[in-house]
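The values are calculated or read from the model by the stated rules, or taken from the named source; none is laboratory data. If you're wondering where the values come from, they're calculated on a predicted model, not measured in any experiment. Here the Cβ positions follow ideal geometry from the backbone for every residue, glycine too, while neighbour counts run over all protein chains shown.
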Amino acid sequence: MIRHDKALFFPNVMGTCLADRSKKHTADMLFGKVSVVAIMTSKVSEEHTRSFYQATLDRFGDNPNFQLVQINLQENKLKAYLITLFLSTLRAQIPEKLHATYLLSQQSMNDVRHDLGLDNKHVGYTYLVGPDGKIRWAGSAFAEPDESKALMACTAVLLDRLASGAGQRAT
């Protein structure tokens, strides 16, 4: 896990919520919860992120202090438009309980790409973000078994710290 004093804040990403088409900001969504944030740009990158978070979601999905935030990032305007045409199909593929934390975003990530390690647009990226908005763990592409276990263990640590009164910091 990345030490609290060395961790960077997750950038504010604005997107359209799958549940109700409202505009949401990650700065508002992430505050106060332990979040696994999955950034994907394609079906393959969606599978990449799922290989990291699925076991963690299965274990902590019912914990009120935990959430999975999925960001379908489409920096190409044409591709973003095509995805909006198939929103009903996307809604059918994503479990309804995850619609409120699924964002469709066209935001350019060029300013933060290097800091986040978003070096390959074809790979999915998974981040563990503490309740203060700091990135505490990260992975990309397909997860090795030890990597998905590490995400689960780090998530458990942050949830325990939050529940024990370590507050928003969850160091």
For residue 81, are the conditions met, namely being in contact (Cβ under 8 Å) with a residue 60 or more places away in the chain and farther than 13 Å from residue 103 by Cβ?
no
For the stretch 1-19, name all the residues that are surrounded by fewer than 19 Cβ atoms within 10 Å (Cβ to Cβ), touching a residue at least 60 places away in the same chain (Cβ under 8 Å) and in contact with a His (Cβ under 9 Å, 6 or more places away or on another chain).
14, 17, 19
Check 95, 145, 131 and return the single one that is surrounded by 16 or more Cβ atoms within 10 Å (Cβ to Cβ) and either within 19 Å of residue 33 (Cα to Cα) or free of Cβ contacts under 8 Å to residues at least 24 places away in the same chain (or both).
131
With (1) touching a helix residue (DSSP H, G or I) at 6+ places or on another chain (Cβ under 7 Å); (2) small (Gly, Ala, Ser); (3) over 21 Å from residue 28 (Cβ atoms) as the list, and residue 88 as the residue in question, which single condition is left unmet?
(1)
Pick from the stretch 38-65 the residues that are touching a Ser or Thr at 6+ places or on another chain (Cβ under 7 Å) and not in a helix (DSSP H, G or I): which of them is surrounded by the most Cβ atoms within 10 Å (Cβ to Cβ)?
38
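Quick grid of which residues meet (1) in a helix (DSSP H, G or I); (2) farther than 30 Å from residue 64 by Cβ; (3) without any contact (Cβ under 8 Å) to a residue 60 or more places away in the chain:
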| position | (1), (2), (3) |
| --- | --- |
| 90 | yes, no, no |
| 99 | yes, no, no |
| 107 | no, no, no |
| 123 | no, yes, no |
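Do you know which of the residues in the stretch 98-128 that are of a type in the set (Ser, Thr, Tyr) and crowded, with 17+ Cβ neighbours inside 10 Å is nearest to residue 155 (Cα to Cα)?
For the stretch 98-128, the residue satisfying everything is 127.
Results for (1) in contact with a Lys or Arg (Cβ under 8 Å, 6 or more places away or on another chain); (2) aromatic (Phe, Trp, Tyr), shown as yes or no for each residue.
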position	(1), (2)
60	no, yes
70	no, no
78	no, no
129	yes, no
Residues (modelled with pLDDT under 95 and buried (at least 19 other Cβ atoms within 10 Å of the Cβ)) located in the stretch 148-171:
170
Are any residues in the stretch 66-92 buried (at least 16 other Cβ atoms within 10 Å of the Cβ) and either among the polar types (S, T, N, Q) or touching an Asp or Glu at 6+ places or on another chain (Cβ under 7 Å) (or both), and if so, which ones?
67, 70, 72, 74
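Test residue 84 against the stated conditions and say whether it is at pLDDT 95 or above and part of a helix (DSSP H, G or I).
No, not satisfied.
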